[in-house]
Amino acid sequence: MRLRALRDRYADLIRQRYPKIPRRVSGYSLDELLPENGFHVARSLVGCEGTCVIILGAKLRLVDWPKQRSTLVLGYKDIYAAADHVPEVCLAQPIGLEGMDDVLIDNMKKKNLHRKSIDLLPEGRGWLLCEFGGETKEEATAKARALMERLKGNPDAPNMRLFEDEQETQMVWKARESGLGATSRVPGEAEAWEGWEDAAVPPEKLGEYLRGLHRLLAQHGYRCALYGHFGQACVHMRINFDLLTEAGIKNFRAFVEEGADMVVRLGGSLSGEHGDGQARGELLVKMFGPELMEAFREFKRIWDPEWKMNPGKKIDANPLDANLRLGTTYHPPKLKTHFAFPEENGHFSETTTLCVGVSKCRKDEGGTMCPSYMATREEMHSTRGRSRLLFEMLQGDPMKGGWKNETVKEALDLCLACKACKTECPMNVDMATYKAEFLSHYYEGRMRPRAAYAMGWIYRWARMARFAPGLVNFFVRAPGISNAVKFFGGISQRRSIPAFAPETFTTWFRSRGVHQQGCPQVMLWPDTLSNHFHPDIARAAVEVLEHAGYQVIIPEASLCCGRPLYDFGMLDRAKRYLRKVMQVLGKQIDSGIPIVVLEPSCASVFRDELRNLFPADPRATRLRAQTFLLSEFLENHAPGFRPPQLSKKVLLHGHCHHKALMKMNDEESVLRKVGVDLQLLDSGCCGMAGSFGFEKDNYNVSLAVGERILLPAVRQAAPETLIVSDGFSCREQILQITGRKAVHLAEVLQLALGKGNRTGSEQSSRQSASVP
């Protein structure tokens, strides 16, 4: 009754003041209580932002999902011309119509994001991405072609490109989807922030809005990239506001107030997607007037009479420039760190402000980020939760302890250092690096856990074990003795310790003499795992590279990239290892000899950590550029490679670092050229993640992560299917939990060459007695 009375009292004003546009999130949805809208109470609560009710469950009406889609990209002279033509394009009834400007594309180039996607765009400085749907591909494409024919007749016709290839279509959409990441931490640009990022106007006034916005930005000394849902005239942006000084904050407020006036004048909404909250709650009176603000206040009081639900937001909101995350009092400490953090201007504190709470890390399907959250569903074990804790750690209140903070340590303990957040997070939060940095300081003056010395020092133990591998295997794998070894090493009793090979790869390689002298040289990196545990993989790689026409060489001295050290924060030792690598390989690095690395986690050290630890070292820069995975080298740098053919089914699982930093494109391409029937799993993290899954306290989480997709898929694969994964830890997880033996790409290619000594069924089996 109170809702009906409220509706009746304000009905005429609601009809008068509410904008009739595709996107309106601002205010309360009192228009849903109007008789013509069916007095829909549930819809009136949509967008109340927790100020009225907490929604525990909802019944939804699903909309039809087109079975097939085609994408048409239109290139205009600028973003304003693109906006002017939105109403015309909308007449073709696309199911999606997105826009982006040349500043966004320039930012992507500066950040080296999706260069291949950018190359696919038609000529222009403002683009509309039009998606059409249908029951068949032909139906979707016909709609796109009809629009192309109509636009061709215009005197100012755009440049057009129709995408029918699925892979190219996905690539071009990546350019638009990277909008948030491409507008943050752009090299040479001041940091950009949200604050005026999702206003919406009538589509027919979109061009006018963007031109007015351009003038307003210039008046206040701001610049930004523009992108968003142009079909509904909702535009996103991050603006280089100064939110640290009093003058900067005053300018920010003036801009937002003037922007609000402009949007209201055009009949738009202050928010078209993200909501009002505190950022726009203070401005709602401009859009709805004082009388409707009283209606909003009464609506909230009906649901929340004690005014306890999310106070200070939307209604009687705190000032938009109060409670800023940074503000004039933000003075984080300047910390001495091992990593240089060059993209954060050398300051660890800037890494803690990267996260903007988009929460792509809080998902349970697709991609890899964030495996610990997928397993636990707890905020503190998400990338966002950890970022927030690190931010609060630097503020000193309410958290205490700084680098010794136990709460931060607890949150980071379950980080698998998979690096997925470095690329899947729109803001490129790099939690694996932050964890290594934090642990390096946390353990200063302290003993590390037993696992740190057992597995972090695996290079040292492997070097010692090579003198008597059989004896070492007896002690680490014999019943009874093995249990004691695992206890003292902090290893789960449910894990098996991998056996050392009877002969290392480097011993074998040096005993065989020089092969293919006079051919171009390539260095094969003998990582600790391939050298001491699986030399058969490195031998296979030698055969493949020689088949491609190269003389394979290896380092003259024993080296290690130090990958296991990062998981335990042993950064001083890791830096010593890398200095030795650059010293011993100096001649090869300086002469440009490519280095092929078989283990993705080792390749990621040279491609990622090396630059962060030695940003000013030219030799580190060259080593980074000369490091390739086997698939990358064969696909892009070995013109003489002729892929042998193999008629097999292959189930491919990508190592986390492989997917995050090097991508799987080259791996897929090589395997497809070999002729296998390939299935690439969207399996996320395997759960082993280096030493993580071996550690006693992590076993259950490790298993939960692996059981999401990977392990069930392996069990369901036919015995003759080759399970392929380049990561040692991935192969161990598969082997120890399912009993299936996974193989490296090098072994697949060796098998195709006819030199492999195992059949597919032999490669996928092991004695069940070895399974824990």
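The values are calculated or read from the model by the stated rules, or taken from the named source; none is laboratory data. All values derive from a computational prediction rather than experimental measurement. Positions of Cβ are backbone-derived with ideal geometry, glycine not excepted, and every protein chain shown enters the neighbour counts. Each accessible area value is taken on the protein alone, full model and side chains, heavy atoms only, with ligands, DNA and RNA left out. Shrake-Rupley method; radii C 1.70, N 1.55, O 1.52, S 1.80 Å.
Could you compute the net charge surrounding Asp31? Neighbours are other residues with a C-beta less than 13 Å from the C-beta of Asp31; K and R count +1, D and E count -1.
+3
Take each of the peptides 560-572, 618-630, average the number of other beta-carbon atoms within 10 Å over its residues, and list them starting from the highest.
The most tightly packed comes first, giving 560-572, 618-630.
Work from the charge dipole of the chain (Cβ charges, +1 for Lys and Arg, -1 for Asp and Glu, about the Cα centre) and give the residue of Phe163, Ser496, Leu471 farthest towards its positive end.
Checked the options; the winner is Leu471.
Tell me, what % of the accessible area of segment 423-468 is carbon and sulfur with a 1.4 angstrom probe?
Percent of accessible area from carbon and sulfur atoms in segment 423-468: 60.
Amide H neighbours of Ala548 under 5 Å, at least 5 residues apart or on other chains, H built in the peptide plane: list them.
Distant-sequence amide H within range of Ala548: zero hits.
Packing-wise, with mean Cβ within 10 Å as the measure, how do 409-419, 241-251, 728-738, 52-62 rank, highest first?
The densest-packed peptide leads the list: 728-738, 409-419, 241-251, 52-62.
Check each of the trypsin sites (Lys or Arg not before Pro) in segment 346-380 and keep only those in coil by DSSP with at most 11 other C-beta atoms within 10 angstrom; list them in order.
For trypsin sites (Lys or Arg not before Pro) across segment 346-380 that sit outside H, G, I, E and B with at most 11 neighbouring Cβ atoms in 10 Å, the list reads Arg377.
For the chain, what is the accessible area per residue in Å², given a 1.4 Å probe and the full set of protein chains?
With all protein chains present, the chain gives 43 Å² per residue.
Give the long-range amide H neighbours of Trp193: residues separated by 5 or more places, or on another chain, with amide H under 5 Å away, using H modelled in the peptide plane at 1.01 Å from N.
Ile239, Asn240, Phe241
According to a simple spin-label model (label point 7 Å from Cα along Cα-to-Cβ), what is the distance in nm between Arg446 and Ile54?
The two pseudo-label positions are separated by 3.4 nm.
Roll a 1.4 angstrom probe over the protein heavy atoms and tell me the percent of accessible area of segment 226-341 that is carbon or sulfur.
Carbon with sulfur: 53 percent of the solvent-accessible area.
With angles folded into 0 to 90 degrees, how steeply does helix 431-442 sit against the dominant principal axis of the chain? Use alpha carbons for both and round to 10.
Here the helix axis deviates by roughly 70 degrees.
Extension gain Gln68-Lys20, at 0.36 nm per residue separation less the Cα-Cα distance, in nm?
14.2 nm
Ignoring ligands, DNA and RNA, what percent of the accessible area of segment 486-618 is carbon or sulfur (1.4 Å)?
That fraction is 53 percent.
How big is the dipole moment of the chain about its Cα centre under a simple scheme where the beta carbon of each Lys and Arg is +1, that of each Asp and Glu is -1, and everything else is neutral? Debye, nearest 20, please.
Charge dipole, the chain, about its Cα centre: 2100 debye, nearest 20.
Using only protein heavy atoms and a 1.4 Å probe, report how much of Ile709 is accessible, in Å² to the nearest 10.
About 50 Å², ignoring ligands and nucleic acids.
Under the Karplus relation 6.51 cos²θ - 1.76 cosθ + 1.60, θ = phi - 60°, what is the ordered set of whole-Hz ³J(HN,Hα) values for segment 559-575, x standing for Gly and Pro?
9, 8, 6, x, 3, x, 5, 5, 5, 10, x, 8, 7, 4, 5, 4, 5
Which pairs, out of Lys300/Lys422; Lys152/Lys673; Lys20/Lys59; Lys580/Lys659; Lys137/Lys663, put more than 32 Å between their alpha-carbon atoms?
Over 32 Å apart, Cα to Cα: Lys300/Lys422; Lys152/Lys673.
If you line up the long axis of helix 535-547 against the longest principal axis of the chain, both from Cα atoms, how many degrees apart are they, to the nearest 10?
It works out to around 80 degrees.
Which order, highest average first, do 162-173, 542-553, 647-658 follow once you tally other Cβ atoms within 10 Å for each residue and take the mean per peptide?
The peptides rank, most packed first, as 647-658, 542-553, 162-173.
To the nearest 20 debye, what is the magnitude of the charge dipole of segment 271-341 about its Cα centre, counting +1 on the Cβ of each Lys and Arg and -1 on the Cβ of each Asp and Glu?
Charge dipole of segment 271-341: 500 debye, to the nearest 20.
What label, among (1) 188; (2) 233; (3) 176, belongs to volume of the Cα convex hull per residue in Å³ computed from the structure on display?
Only one listed value fits the structure, namely (1).
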